[in-house]
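To start, the structure under review is shown below, and the notes come after it.
We did not get these values from a lab; they are worked out from the coordinates using the rules stated. Note that this is a predicted model, so its numbers are computed, not measured. Heads up, the Cβs are rebuilt from the backbone with ideal geometry, glycines too, and the neighbour counts pull from every protein chain shown.
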Amino acid sequence: MNSIQQTNEKWKGKAKTEILGCKSEQVWPLLEDFFGLDKWFPTLSTCIPIEGTSGKPGCVRFCAGFKTPIDKHDKKTLNWTKQKLLSIDPIQKVFSYSIIDGNVGFHSYVSTVKVVRKEKGCEIEWIYEVEPVEGWRLEDLDFFIGSGLDVMAQRIQQAFKTMEDALQA
């Protein structure tokens, strides 16, 4: 009985990363651009609109080309998902989305991404839940999202540093 209950429970996790020297008001517009995730998320080569207007609930993006922790080096198929924006609140700097289709085995996946003001910058929180994914461990998902978020933060921080350096030159 316990094993049945455990397999029906969703995996839940939370990743956080801090971006020093960047205000939440600067970072939010980059994440609010729902169709622009490929600019920041590592190994994501494609993020294009399928339906709706970016930033409006109900819009759908197609994301492809990312690597997962369980991918083999000789994998021939392209990883892809379709993701739907469920809600967005620019005042609170938070949005939620779900994966509605894809080939990576994520079912009932929902995420909430939030930008939080901090004393020396801001923090991005990525809260997620999904039905257990075949061939994965929860630790794989935690690593995938956590390491991806860390690289996103580094890229965002570097983009603002590049702008600052250019404007001061």
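Under 5 Å from the amide H of I100 lie the amide H atoms of K82, Q83, K84, each residue being 5 or more positions distant or on a separate chain, with H modelled from the backbone and absent for Pro and chain starts. Using the Cβ of A15 as centre and a radius below 12 Å, the other residues enclosed give a net charge of -1, where K and R count +1 and D and E count -1. Shown in residue order for region 52-57 are the 3J(HN,Hα) couplings computed by the Karplus curve 6.51 cos²θ - 1.76 cosθ + 1.60 at θ = phi - 60°: x, 10, 3, x, 9, x Hz (x for Gly and Pro).
For region 95-131, the list of GluC sites (Glu not before Pro) that fall in a loop by DSSP and count at most 10 other C-beta atoms within 10 angstrom reads E119.
Lys and Arg at +1, Asp and Glu at -1: add these up for the other residues within a Cβ distance under 15 Å of E123 and post the number. Local charge sum for E123: +3.
A viscosity of 1.306 mPa s and a temperature of 10 °C, combined with the Kirkwood radius over C-alpha pairs in the Stokes-Einstein formula, give region 11-168 a diffusion coefficient of 98 µm²/s.
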